[in-house]
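Data first, discussion second: the structure below is written as structure tokens.
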Amino acid sequence: MSYDSWGRNYQSTHLIHPIFWKNNIIYPSGPETLLPYGMGRSYGDVCQNPEEWLLPTRGLNRFIHFDREQGVLACEAGVSFDEILSLIVPKGYFLPVTPGTKFVTVGGAIANDIHGKNHHQKGTFGCYVTQFELLRSDGQLLLCSPDENAHLFKATIGGLGLTGLITWAEFKLQKIKGPLIDCETIPFRGLHSFFNLSEESKDYEYTVAWIDSLSLDLHGVFFRGNHAQEKQSLQISKKNLAIPFNFPSWVLNKHLVRCFNTSYSWIHSRRKKHLVSYEPFFYPLDRILNWNKIYGKKGFFQYQCLIPKKDAFNILSEILKLIAKSGLASFLSVLKEFGNISSPGLMSFPREGTTLAMDFSNYDQKTLDLFNELDQIVSSVHGRVYPAKDAHMSSVSFQNFFPEWKEFINFVDPRFSSGFWRRVTGGGL
Amino acid sequence: MKKIAILGITSAIALEVARLYAKNGASLLIAGRDEQKLSLLKKDLTVFGASDVSSYAIDFAYLENHTSFVEWLWSQGELDCVLIAYGILGNQEDCEKKCELALEVLHVNFISVVSLLHRISQKMITQKSGNIAVISSVAGDRGRQSNFYYGASKGALNIFLQGLRNKLHPHGISVLTIKPGFVDTPMTAHLKKGFLFAASASVAKGIYRAIEKRKDQVYLPVFWGFIMFVIRIVPEKIFKKLKL
Ligand SMILES: Cc1cc2nc3c(=O)[nH]c(=O)nc-3n(C[C@H](O)[C@H](O)[C@H](O)COP(=O)(O)OP(=O)(O)OC[C@H]3O[C@@H](n4cnc5c(N)ncnc54)[C@H](O)[C@@H]3O)c2cc1C
Ligand SMILES: NC(=O)c1ccc[n+]([C@@H]2O[C@H](COP(=O)([O-])OP(=O)(O)OC[C@H]3O[C@@H](n4cnc5c(N)ncnc54)[C@H](OP(=O)(O)O)[C@@H]3O)[C@@H](O)[C@H]2O)c1
């Protein structure tokens, strides 16, 4: 078991204190700070606490109750979305919101207040959390809900693991007829078409676009879908592929990425409608376990920003041009329109507007310079960068992106910290 | 509907086995030494679909409690299967320093299991059917300097189970010896995890299958059967010089 972040973009050593039972958690003593660690699917250092304590939570893997009438589930914080889906899908329920991987824990989903392809209709995961229990470093066990310890409830949703350890949580599910998604793929060209498609697809439960950010004329594929009315399921292979070792870094060069992108858009080059199982629709990359290793030893970055609605078109055109010009290969780029449903989370990332997420190989300074340039553009229109994906933003950028941080620090547990937090607060406050 | 008793349900491996039975609507009798943990597991197994879960708090190291515990197991009718999962790893260095610690490993992993099985096998003979499954370990296949107190406790257990299997066979009762390799559970939390480590859920699937097929012995994951074959055939003359 290694305790890296998904981007594996820097090496750090940790003190490890795994948590197994919620009824008798004793934090390690000493001056070092603490940070919960779920499945490490965050790309950067929100789940890293170099030289200090990580509290792996996967041992907190028990379910507490599942109300099949009301569609409410309570479980310990280390339960994964994968485990939840295997339990609830056969019973006609689905997660209210899911990210692009099912290998995340409930605690991680709350701490990053994750969003999915249905943000325009459903908001973030935090919108469905009814209550959770928080263990602070002074030993206080607090039940948090919109009515009880409401401030801590809000601060913990999107609170980046800094307000204490979530031991268990309860949240609402959505009803489904069956495990299939009625999905439509539409190839498009140009940013205009993306915005038009998003507008005309507002009534679809799920929308997202994949784009080839290396092409100057921007081609992409728009996906939209709904939970299908069919009850039956499709036979899908459960076999996963694993990447057993780090690829040498030359494997993933610009030419290969271009090849991949071209073949991907070729596969989706015709508009088509089909029924697919929920797994390939939501989690296309989960079949290849550890796909992050194809980026080699140096790891990689993801840059995900949000541009508020009114500037979205202009600013995204500018950003995409800049990236295409930089030639720093981006493997997967995703565009998605966020809606205006606000989350209870104080530091929650999503806001009404458009989000762009791109992967970059780690070319050291060159990549970081590009990110800094992008940060400035995003900052200038009051946009923001997603901490769950971040490994670079400066304290100045962070404080611009999240002016709420001034209120947030009142709720940060004095013994909790992370590599991210130390970076964006410049060491001390 | 199956009725299964799991002794040492707080073990990460045991919980995964119990969940597989719960999914099929089994009725479960669970035992462990911590009341609070038992209540968490009872809820979990109910969510997974167990038709009924009853629990009993007992520290198996106290042999004097075994009779009433086994009476409780059979108080609600016949059982299809008893899985014994609890165990302690002990720390080899500490065991070498302090004899009581070494004996405790033997007491918990071997003596207490014998005491339980003594009573359980009588009940099974009376009901003329049943399945006994015990989690031992690959460590019992050969003594090594790095953990031979633990290894000896599991090795003794293996021999006892062989004899018991032989004895119970004519009564239509099967006895399964489970030999897992490295499994990622709280017991091994302090060890550095290499590629040899298996997830408890996948080991549990193997246990479930072996119980259902009424096997005698199983290595999990199965490649450990091969590794242990090699380890067993190394001549003692050479083996004693190895640092294993
Ligand atoms: C392929 C892929 C696709 C993704 N797609 C999306 C997407 O579409 N939308 C999206 O929003 N995100 C997405 N993500 C990011 C991912 O959903 C988040 O990073 C998520 O939080 C990871 O969960 P985790 O359990 O791995 O948590 P970790 O990454 O281990 O930790 C994340 C944060 O949660 C905190 N934390 C974990 N457990 C607890 C706890 N019990 N109590 C308090 N704090 C805790 C940690 O301290 C840390 O700050 C994607 C990631 C990948 C790899
Ligand atoms: N993990 C491995 O690599 C591995 C490999 C081979 C074999 N095994 C065997 O697999 C079995 C299960 O272990 P595991 O890996 O699942 O570890 P685990 O989660 O630590 O489970 C062991 C459990 O045994 C319980 N226990 C210990 N002494 C007890 C006693 N006197 N009375 C009641 N319960 C007692 C413990 O209860 P508490 O929680 O109350 O302490 C603990 O929950 C053990 O027999 C072990 O020897 C494990």
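Of note:
- When only alpha carbons of the protein assembly as shown are considered, Rg and Dmax amount to 27.2, 82 Å.
- Cβ-based charge dipole, chain B, positive-most Cα from B:Ser115, B:Val53, B:Val222: B:Val222
- Tilt relative to chain B, helix B:112-127 - C-alpha long axis, 0 to 90 degrees, to 10: 40
- Cβ-placed point charges (K, R +1; D, E -1), dipole of region A:160-214 about Cα centre in debye, nearest 20: 180
- Euclidean distance between Cα centres, region A:213-227 to region B:168-244, Å: 49
- Taking chain A and dividing mean pair separation by its residue count, relative contact order in percent (alpha carbons under 8 Å, at least six apart): 19
- Whether region B:141-226 is rounded, prolate or oblate, judged on the alpha carbon gyration tensor where a/c under 1.5 counts as rounded: oblate
- Summing Cβ point charges (Lys, Arg +1; Asp, Glu -1) relative to the Cα centre of region A:27-113 gives a dipole of roughly 380 debye.
- Using R0 = 25 Å, the C-beta based FRET efficiency linking B:Arg214 and B:Ile159 works out to 0.75.
- Spacing of the modelled spin labels on A:Glu404 and A:His192, each 7 Å from Cα toward Cβ, amounts to 3.6 nm.
- Of the chymotrypsin sites (Phe, Trp or Tyr not before Pro) found in region B:136-194, none is in coil by DSSP with at most 12 other Cβ atoms within 10 Å of its Cβ.
- Heavy-atom accessible area for A:Ser29, with the other protein chains in place and a 1.4 Å probe, reaches approximately 100 Å².
- Each residue, B:Val230 and A:Gln376, gets one label point 7 Å from its Cα in the Cβ direction; the gap between the two is 5.8 nm.
- Calculated translational diffusion coefficient of region A:369-429 (20 °C, 1.002 mPa s; Stokes-Einstein with Kirkwood radius over alpha-carbon pairs) equals 176 µm²/s.
- Relative to the Cα centre, the charge distribution of the protein assembly as shown, modelled as +1 at Lys and Arg Cβ and -1 at Asp and Glu Cβ, gives a dipole magnitude of about 2360 debye.
- Protein-only accessible surface order, largest first, of B:His169, A:His219 at 1.4 Å: B:His169, A:His219
- Region B:3-239: mean projected area of Cα convex hull, nm²: 13.1
- For the residue pairs A:Lys22/B:Lys192; B:Lys2/B:Lys23; A:Lys117/A:Lys154; B:Lys154/B:Lys213; B:Lys37/B:Lys179, the C-alpha atoms sit more than 19 angstrom apart in A:Lys22/B:Lys192; A:Lys117/A:Lys154; B:Lys154/B:Lys213; B:Lys37/B:Lys179.
- When peptides A:181-192, B:108-119, A:294-305 are sorted by average Cβ neighbour count within 10 Å, with the highest value leading, the order is A:294-305, B:108-119, A:181-192.
- Among beta bridges that DSSP assigns inside the protein assembly as shown, antiparallel share in %, nearest 5: 60
- Chain B, accessible area per residue, ligands and nucleic acids excluded (1.4 Å, Å²): 47
- When each of the peptides A:418-426, B:79-87 is scored by how many other beta carbons lie within 10 Å of its residues on average, the order from highest to lowest is B:79-87, A:418-426.
- Relative intensity, log₁₀ I(q)/I(0), of region A:18-134 from a Debye sum that treats every alpha carbon as a point, q = 0.09, 0.20 Å⁻¹: -0.26, -1.17
The values are calculated or read from the model by the stated rules, or taken from the named source; none is laboratory data. Here the structure is a predicted model, which means the values were calculated and not measured. No Cβ is skipped: glycine too gets one built from the backbone with ideal geometry, and neighbour counts run over all protein chains shown. Note: accessible area is taken over every heavy atom of the protein model, side chains too, but ligands, DNA and RNA are not part of it. Shrake-Rupley method; radii C 1.70, N 1.55, O 1.52, S 1.80 Å.
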